Amino acid sequence: MGLMRTPTLLISALCLAAASLVLHAQERKDEMDGMIAAIAAHAQDAGPAVPGGGIDPAVLQAMRTVPRQEFVPDDVRAQAYEDQPLPIGFGQTISQPFIVALMTDLLDVAPDEKVLEIGTGSGYQAAVLSPLAKEVYSVEIIPELGERATNVLKRFGFANVRTKVADGYYGWPEAAPFDGIVVTAAASQIPPPLVEQLKPGGRMVIPVGGAYFAQQLMLIEKGADGKVTTRQLLPVQFVPFTRAGTK
Amino acid sequence: MSRAGLVAVAILSAAILAYEVLLMRLFSILWWHHFAYMIISVALLGFGASGTALAFARERLLPRFAAWFAAGAALFGLTAVLCFAVAMRLPFNALAILWEPEQLLWLGLAYALLVLPFFFGGGAIGLAFSRAPDQIGRTYAYDLVGAGLGALGIVTLLLVLPADAALRCVASLGLLSAALALAPFRGRRTQVASLALTTAAFLVPAWLPAGLLSLHPHISEYKGLRTALLVPDARVLQERSHPLGLVSVVESPTVPFRHAPGLSLNYLGEPPPQIGVFTDADSMTAITRFNGDLASLEFLDHTTSALPYHLLRAPKVLVLGAGGGEQVLLALFHQARKVDAVELHPHVAGLVAGDHADFAGGLYARPDVDVHIREARSFAQSTGDRFDLIQAPVLGSPGGAGATQGLHENHTLTVEGLRDFLNILEPDGILSVTLWLKLPPRDAPKLLATVITALEQLGVREPGEHIALIRSWKTMTLIAKKTPLTDEETARVRAFADERSFDVSYLPGIAAAEANRYNILEGEPFHAAAMALLGPDRQDFIERYKFAIAAAADDRPYFFDFFKWRSLPELFALRTQGAASMLDMGYLMLFSTLAQAVVLSIVLILAPLVLRRRHFGGTAPKARVMAYFLALGLGFLLLEIAFIQRFSLFLGHPLYSVAVMLTGFLVFAGAGSALSPATMQAFARRSERSWAALGPLPAIAAGIAALAVVYILVLPPIFDALIELPDPAKIAISLALVAPLACLMGMPFPIGIAHLARDDQDLVPWAWAINGCASVVAAVLATLLAMHFGFTAVVLLAAAIYLAAPAAMAGVAAASPESRTALVSGSGP
């Protein structure tokens, strides 16, 4: 009887571990589903800020492929799929999922296009762009953040993302021009090199706002003649004044 | 109480008030001003809590008064340092409050820690009042004078010491007070304790580990300074402490700052190297390297601030809030023939003029540049010069930072302020104000409303012919003239904007289609707001707008307060979708501070009544006692805060105003308190009638109310007539004006305590608790009321409260005529 006990225990332990993994995976799937549903609901309420009245399904699908919990520190992992910004250290936050979805949607990336991100941060935005674009280049100025993000991106197989730790002001001239550029670092000005590295017909998306505040989004479009126009989008349907005769 | 005991009270009061001011400075550096205000306001309820505790424990403590007073003072000194050291290490993230409810736990813990020093200090002072209620006039006088000197002392100390070093001195004062309280007693153990406390008082500043109170590791990681220092090779070159703010100078050689707010997207160059200057670890300005080559400054001509220079030739320029000198450089780039640069913070100006003068190219040493360390409005009121251009560079916090400037009084951007600036312009001169672009617009409409009103008050009939508004993607600049813009000028505005891809939101004769070409906004709300505010339905538009955009005025000088209650439900519901950045945190912080203070005050005030009902003896009607001391606490602080604000414009410097006026109010109130027994005696000799049970209270209250109302009327013309006097004269005049009012205000409290003293000594600490709580509530209420109704309304309310107070005391005094006799005769327990 004693000889029979060890394999039985081993098999039981393996079964338990497998069941735990399945349960855990199911939990994550449920959380992911909840996050996607929240994004879709916000997009419906956001009005003209979201072109077409909703986020591109391809963007939502791309977000499903990214394990967001791997891009946040352990102490906030449990909140990874909540629709809120989270701290990632060094005074930075990972944007709330709705804003990431909206920025990615605004960038309107095609599968054969090349995208530049300034401010890798957690690496999550680059990971979301990865399945949508041909190539993603991402620059981070804070070495610890850049290295951490690089490791996570590599570990989870986002092979078409290239990162470097450098001054994002100068973009990535060797890989330019880009079809899309997203600038996630707080911007008091838009670096001219980035405007130069944007292809005619390209788009640049910049969130404006502080950490922990769901940002307003600015879209910069470069015309065929090289001239740029900006468009500020509030990701919320809020009209500042009421019409006469109403409260 | 012995003279040594009274001096101990004074020293402890000085230390407590200094600690209060110091905490505001420290937490403004660590976190943000409004979170600091909220936390400290609630912590001050420690005073009220101490009174409540004394109401329960008074009889046990009084027999060993000196020992318990010394214990309270010593514990104040120790907890002042230790509680702050722990509180600043809490992982409280103020910005995340809307997202993370658990932050409220850390906030609660911060309250619990910071309440302790005020509890112990307030308890010792309250015990002193209970110890000798017949000497309440003298004791209260020492308390108030001590507090006044503490206010002055801490402001002076912060000129020479950093805030964390000043905190060590405050701890020493607490220990010194304890030592002094024990000094008169001859017992050996008491003498040893006194000596030990004295020794500790002098050694504590030296013994405390340097790292215990070091601020830098604990400054919020979301503040600009911390973020800047994350960049490789960025380092702090120097720091200078000042009551107006800690100035930190940072160099970042690997990744330059490139500070150029609203730089045109058409500009392809890179700004020259810069040094970053942070105030209270945020609010960056930059010192730009200048070697005399004006071509290196070309980038500044590609910001919206450069607009007025394209309408003028070799102007004489006044720069308000010069900061690191960027606008001075812009003026020099455009061949300004003379530049007057006004900067309030002496250290910021000193960096450009002194420590980094070589880097800045000797900017402030140039013969064509004069620097004035002054408050902008005060300079405008006293200068005899006239200018072609008055340039107010980017004001306010960048959008999305939660509008933490909402509570800061701003006397530049009021109707009266803009009128003052327009009055010192040459006939064709230009006033230019640049703000951050915020969406939905609130700064811009409010600025428009304020400028339009100022122009109308100067006799301009068609303000629309006198202003222009342009915007980039990040900033907007409004220019205003006393004379209409000419066709040539409007053409130049268009050309300037077109070359730089800026949009013209408003110009005389502009068509709507012109207003939204480069930086496209849904509905172009800036143009729409300008047209509405210049049209016949201005008031209706302001009323319907979901943010508060009515013109700011000196009576309500809160330009950056945009909050409207009726917008809150909509914004709150949308907060997770991006509306959080539109919520004006400043106002909401203030309101939640008031709510917390009121709720906690009710608990603290009612607790003795509920829990100790049977033992709360005496004959005095409790409700009347509560009403009386509530009225005093409210009235005193409401008047004090309102007049500090009134005098701040006259004194021309926010620091002078707070230091001088706070000290003046407290010291003269202390004098009034000391005079209260003599006043009572004088009144008693004149009348023996039963209705005179209140003594001089009705006359005192009437005097306070009358003076307050008279001052509302006479102060403005007095200030206008004397504004050009030198600062020492203005300080003396201010103190002379405050003296009679403050003296009267210092009398009702000791008179009230004296009435309780004879038969209702249990109620003395309770009255102290009520007064303490009311003071905290009043301090917050004063600002809230001023934001809604103006400071004049605050003064009128305070006057009404003082007039009603004696009626509350009438029942108390009538119930105990013997107390009046005792007070007048000076006899008592």
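All but one of (1) outside any loop (DSSP other than H, G, I, E, B); (2) within 14 Å of chain A (Cβ to nearest Cβ) hold for residue B:74; which doesn't?
Failing condition for residue B:74: (2).
Criterion first (in a helix (DSSP H, G or I) and closer than 24 Å to residue B:766 by Cα) does residue B:126 satisfy it? Steps first, please.
On the way: in a helix (DSSP H, G or I): yes; closer than 24 Å to residue B:766 by Cα: yes.
Criteria met by residue B:126.
I need a count of the residues in the stretch B:203-220 that are within 14 Å of chain A (Cβ to nearest Cβ) and within 24 Å of the chain's Cα centre (by Cα). First the steps, then the outcome.
Restricting attention to the stretch B:203-220, the residues satisfying the condition of being within 14 Å of chain A (Cβ to nearest Cβ) are B:216-220.
Keeping just the survivors that are within 24 Å of the chain's Cα centre (by Cα) gives B:216, B:218-220.
Result for the stretch B:203-220: 4.
Collect the residues in the stretch B:763-777 that are within 11 Å of residue B:41 (Cβ to Cβ) and either without any contact (Cβ under 8 Å) to a residue 24 or more places away in the chain or among the hydrophobic types (A, V, I, L, M, F, W, C) (or both), keeping them in residue-number order.
Keep residues of the stretch B:763-777 that are within 11 Å of residue B:41 (Cβ to Cβ), which gives B:775-777.
Answer for the stretch B:763-777, where residues must be within 11 Å of residue B:41 (Cβ to Cβ) and either without any contact (Cβ under 8 Å) to a residue 24 or more places away in the chain or among the hydrophobic types (A, V, I, L, M, F, W, C) (or both): B:776, B:777.
Got at least one residue in the stretch B:44-57 being under 30 Å from residue B:7 (Cα atoms), touching a Leu at 6+ places or on another chain (Cβ under 9 Å) and surrounded by fewer than 20 Cβ atoms within 10 Å (Cβ to Cβ)?
yes
Find the strands (runs of 3 or more DSSP E) located wholly in the stretch B:230-310 whose residues include 1 or more that are at pLDDT 95 or above, surrounded by fewer than 18 Cβ atoms within 10 Å (Cβ to Cβ) and away from chain A (no Cβ under 12 Å), and list them.
Passing ranges, in order: B:235-240.
When residue A:102 is evaluated against the numbered criteria (1) over 12 Å from the mean Cα position of the chain (by Cα); (2) within 11 Å of chain B (Cβ to nearest Cβ); (3) not aromatic (Phe, Trp, Tyr), which criterion, by number, is the only one it fails?
For residue A:102, the failing item is (1).
Could you list all residues from the stretch B:151-178 that are among the hydroxyl-bearing types (Ser, Thr, Tyr) and more than 20 Å from the chain's Cα centre (by Cα)?
Those that are among the hydroxyl-bearing types (Ser, Thr, Tyr) and more than 20 Å from the chain's Cα centre (by Cα): B:172, B:177.
Give the number of residues within the stretch B:536-560 that are part of a loop (DSSP other than H, G, I, E, B), of a type outside the set (A, V, I, L, M, F, W, C) and under 18 Å from residue B:454 (Cβ atoms).
So the answer is 4.
Which of the following residues is more than 23 Å from residue B:775 (Cα to Cα) and at pLDDT 90 or above: B:80, B:71?
When all the criteria are applied, what remains is B:71.
Name the one entry in A:100, A:59, A:109 that is under 30 Å from residue B:522 (Cα atoms), among the aliphatic types (A, V, I, L, M) and part of a loop (DSSP other than H, G, I, E, B).
The conditions single out A:109.
Any residue at all in the stretch A:215-233 that is at pLDDT 90 or above, outside any strand (DSSP E or B), at the interface with another protein chain (Cβ under 7 Å from one of its Cβ atoms) and touching a strand residue (DSSP E or B) at 6+ places or on another chain (Cβ under 7 Å)?
Among the residues of the stretch A:215-233, not one is at pLDDT 90 or above, outside any strand (DSSP E or B), at the interface with another protein chain (Cβ under 7 Å from one of its Cβ atoms) and touching a strand residue (DSSP E or B) at 6+ places or on another chain (Cβ under 7 Å), which makes the answer no.
Assess whether residue A:83 counts as being over 23 Å from residue A:40 (Cβ atoms) and in a loop (DSSP other than H, G, I, E, B).
no
Within the stretch B:554-570, which residues are within 17 Å of residue B:444 (Cα to Cα) and more than 12 Å from every other protein chain (Cβ to nearest Cβ)?
B:557, B:558, B:559, B:560, B:561, B:563
Filter the stretch B:491-523 down to residues that are surrounded by fewer than 20 Cβ atoms within 10 Å (Cβ to Cβ), within 14 Å of chain A (Cβ to nearest Cβ) and touching a residue at least 24 places away in the same chain (Cβ under 8 Å), then give me how many there are.
Result for the stretch B:491-523: 1.
Write out, first by first residue and then by second, each pair whose Cβ atoms fall under 8 Å of each other, whose residues are 6+ apart or on separate chains, and whose first residue, in the stretch B:283-300, is free of Cβ contacts under 8 Å to residues at least 40 places away in the same chain while the second is hydrophobic (A, V, I, L, M, F, W, C) and not in a helix (DSSP H, G or I).
Every condition considered, the pairs that remain are B:296/B:290; B:297/B:290; B:299/B:260; B:299/B:263.
Going by the conditions given, is residue B:526 under 28 Å from residue B:377 (Cα atoms), in contact with a helix residue (DSSP H, G or I) (Cβ under 9 Å, 6 or more places away or on another chain), modelled with pLDDT of 90 or more and facing another protein chain (nearest Cβ under 10 Å)?
No: the conditions fail for residue B:526.
Going by the structure shown, is residue B:591 in a helix (DSSP H, G or I) and surrounded by fewer than 19 Cβ atoms within 10 Å (Cβ to Cβ)?
Judged against the criteria, residue B:591 is a match.
If you take just the strands (runs of 3 or more DSSP E) that sit entirely in the stretch B:317-409, which of them hold at least 2 residues that are modelled with pLDDT under 95? Let's see the steps before the verdict.
Details: elements: B:338-342, B:369-372, B:387-395.
Because the criterion is at least 2 residues that are modelled with pLDDT under 95, the strands (runs of 3 or more DSSP E) in the stretch B:317-409 that meet it are B:387-395.
Have a look at A:21, A:9 and point out the one that is of a type outside the set (D, E, K, R) and more than 26 Å from residue A:69 (Cα to Cα).
Answer to the selection: A:9.
If you scan the stretch A:41-86, which residues turn out to be under 27 Å from residue B:228 (Cα atoms), within 12 Å of chain B (Cβ to nearest Cβ) and touching a residue at least 60 places away in the same chain (Cβ under 8 Å)?
A:85
Taking the stretch B:571-589, which residues are away from chain A (no Cβ under 12 Å) and at pLDDT 80 or above? Spell out how you get there, then give the answer.
Kept after step one, since they are away from chain A (no Cβ under 12 Å), are these residues of the stretch B:571-589: B:584, B:586-589.
Those that are away from chain A (no Cβ under 12 Å) and at pLDDT 80 or above: B:587, B:588, B:589.
Considering every residue within the stretch B:804-815, establish whether at least one is of a type outside the set (A, V, I, L, M) and modelled with pLDDT under 85.
yes
The values are calculated or read from the model by the stated rules, or taken from the named source; none is laboratory data. All figures in this text were calculated on a predicted structure; none of them were measured in a lab. Every residue, glycine as well, gets a Cβ built from its backbone with ideal geometry; the counts of neighbours run over all protein chains shown.
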